[in-house]
Amino acid sequence: MTNDHHAAEGDRVIGRWDQEEFTILSDAMFGENPPQGGKICVVGAGFMGCVIATLYAHHGYEVAICDSDPAMLRSYHDRANPIAASLLGYAAGTDAILARVEAEPDLTKAVEGAFLVHEAVQEVLDVKQALFETLDTLCPATVVLATNTSSFLISDISARMQNRQRVIGIHFVTPGHIIPVIELISAADTPAELVAWSRAFVDSLDHVGVAILERPGFLVNRIQFAMLTEIYRLMDEGLASRDDIDNAVRLSLGPRLALWGPLLTEDLIVSKKTALAVTNSIYEQTGDENYKGRPVLEDMVRQDHLGAITGRGWYTFAGTSESVVETRDQQLSALLAWLKEANTVEALNVR
C-alpha cells in the first residue's frame, strides 16, 4: 500500500525525524519479515487481549501477557482454553499453546525482548495515550508498537510519543481467532515499510491484512455501521420488521458479500449504469447526500466499464459474460443450499 502522504518510491517520509535516524529505524524494523517464534507482548488481558495472545501462541510466538489487574492474569488460562481448543478444531493440545503464554504483571519485564508490543487495553483514549508514552520510553526504537483500537485514530493514540513512526493499528475483528481479516491502520507518520511488515506478520497468522489510512471507523466499522445506521432508520420508521430485515440481508446481500465482497458483487449482478441510476434515484427522492452518485462510479460508466457484462468493472474478467454468470450462480446456489441445510438461526435457539 502506498499512502498518499508518502513520497515517490525510493524516498523516505521523515516527518520530524532526521534522515539518518529514520533510515536506521527503517532498515532495522522493516527490512526483514517478523521473526517467526520471536517474543510478543500483549498489554491487556481482557477479552480481546486473551484472544490475541492465544492466537499468537498458536502460531508459534512466545507471548507475555500483561495487565494491571492480577485477577485478569490469574484467569487467563481458563478463559484462553476454549479459544485454543477452537483453533485446534477441539482436538487435544491446548496445553502446548497455553505454555507459550506467560502472565507478567510488570510491564517492564513483559516488554523485555519483544519485537512487537500489541495494546489491547480498555477503549479510553487517555489510558492508551499514557500507555504508549510509557512504551515509547521502555521499548527500543526498533520495537513495533501496535494498537487494537476499534475507534481512536492512531495519530491521537501516539500523540505523546517521540517515535510515532513505529506505531500502527493491528485491529482484530471479533471473534479474532475465527474471522481472518485484520485491519492495518496507518497514520501520517506511518511509513509504507511498516504497513508491508505488518502484512507479512498477519500472513504468519493465516489471517488477511486489509490496509487503510486512519479515518473515523477505519474500514470494517465504517462499512458495517453505514449499513446498520440505515437499518436503525428503517426500524425507527417502522418500515420493516426485525425478522424481515434480517432475512433480507441474510438470504440476499449476505451470501453475495460473503462470496465476493461488495465491489465484485456489483460487477457480477448489475450494470454500473443501473447502479448509478438507482443511487441517484434514491438521492433525488430522499435528498440524502450519502446516496448521490459518486465520481468514481460516474467515471466507470463513462468508460463503459460496466462490470461482467462488458468484461471490466472494478475487476477485469477473462471469461465470457455467460461463463462468469454460470459460475456465479453455481457458487451462490451452493452457499444458499448450505444455509438452508444448516438452519443457522434456529440452531441458536433465539426468538
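Bear in mind that the values in this text are calculations on the coordinates, not laboratory data. Just so you know, these numbers come straight off a predicted model, no measurement behind them. Reconstructed Cβ throughout: ideal geometry from the backbone, glycine too, with neighbour counts over all protein chains shown.
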Extend 7 Å from the Cα of L336 along its Cα-to-C-beta direction; within the stretch 227-255, residues with backbone N under 18 Å of that point are 244-255
Residue separation between R222 and I282 times 0.36 nm, minus their alpha-carbon distance, gives in nm 19.5 nm
Measuring from the longest principal axis of the C-alpha atoms of the chain, the long axis of helix 272-286 (C-alpha) lies at a number of degrees, nearest 10, equal to 90 degrees
The local net charge around A200, scoring Lys/Arg +1 and Asp/Glu -1 for residues other than A200 whose Cβ lies under 14 Å from its Cβ, equals -3
For the stretch 255-324 the trypsin sites (Lys or Arg not before Pro) that pass both the DSSP coil test and the at-most-16 other-Cβ-within-10 Å test are K292
Of the stretch 120-135, those with amide N under 16 Å from the point 7 Å along the Cα→Cβ vector of Q162 are 132-135
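Got the relative contact order for the stretch 230-329 handy, in percent, Cα pairs under 8 Å and 6 or more residues apart?
Over the stretch 230-329, the number comes to 22 percent.
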Along the stretch 98-115, Karplus-curve 3J(HN,Hα) (6.51, -1.76, 1.60; θ = phi - 60°) to the nearest Hz, with x for Gly and Pro, reads 5, 5, 8, 10, 10, 7, 9, x, 8, 4, 4, 5, 5, 8, 4, x, 7, 8
With x for Gly and Pro, the residue-by-residue ³J(HN,Hα) of the stretch 327-343, computed from phi through the Karplus equation 6.51 cos²θ - 1.76 cosθ + 1.60 at θ = phi - 60° and given in whole Hz, is 5, 3, 5, 5, 5, 5, 4, 5, 5, 5, 5, 5, 4, 5, 5, 6, 6
Expected vector for the stretch 262-267, Karplus 3J(HN,Hα) from phi with 6.51, -1.76, 1.60 and θ = phi - 60°, integer Hz, x for Gly and Pro, equals x, 6, 5, 4, 4, 4
Rh (Kirkwood, all Cα-Cα pairs) for the stretch 290-332, Å, reads 11.5 Å
So the FRET efficiency between T134 and R215, C-beta based with R0 = 25 Å and rounded to 0.05, is 0.40
Exposed-loop cut sites defined as GluC sites (Glu not before Pro) in DSSP loop states with at most 15 other Cβ within 10 angstrom; longest site-free run of the chain spans 238-351
If the chain between E230 and F47 were fully extended at 0.36 nm per residue, the gain over the current Cα-Cα distance would be 63.0 nm
Heads up, the stretch 95-224 by the C-alpha gyration tensor (a ≥ b ≥ c square roots of eigenvalues; a/c under 1.5 rounded, else a/b over b/c prolate, else oblate) looks rounded
Summed over the other residues with a beta carbon less than 14 angstrom from that of P180, with K and R at +1 and D and E at -1, the charge totals -2
Net charge (Lys, Arg +1; Asp, Glu -1) of residues whose beta-carbon lies under 12 Å from that of A64, A64 excluded, is -3
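Relative contact order (percent) for the chain, with alpha-carbon contacts under 8 angstrom and 6 or more residues of separation?
Once divided by the residue count of the chain, the mean separation gives 12 percent.
Using just the helices of the chain, give the 222 nm mean residue ellipticity in deg cm²/dmol: DSSP H runs with n ≥ 4 each add -39,500 (n - 2.57), and the total is spread over all residues, rounded to 500.
When only DSSP H runs of four or more count, the value is -14500 deg cm²/dmol.
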Most fluctuating of T147, T94, T327 in the GNM of the chain (C-alpha, under 10 Å) is T327
Placing each pseudo-label 7 Å from Cα in the direction of the beta carbon, L263 and A71 end up separated by a distance in nanometres of 4.7 nm
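Could you state the orientation-averaged shadow area of the convex hull built on the Cα atoms of the chain, in nm² to one decimal?
21.6 nm²
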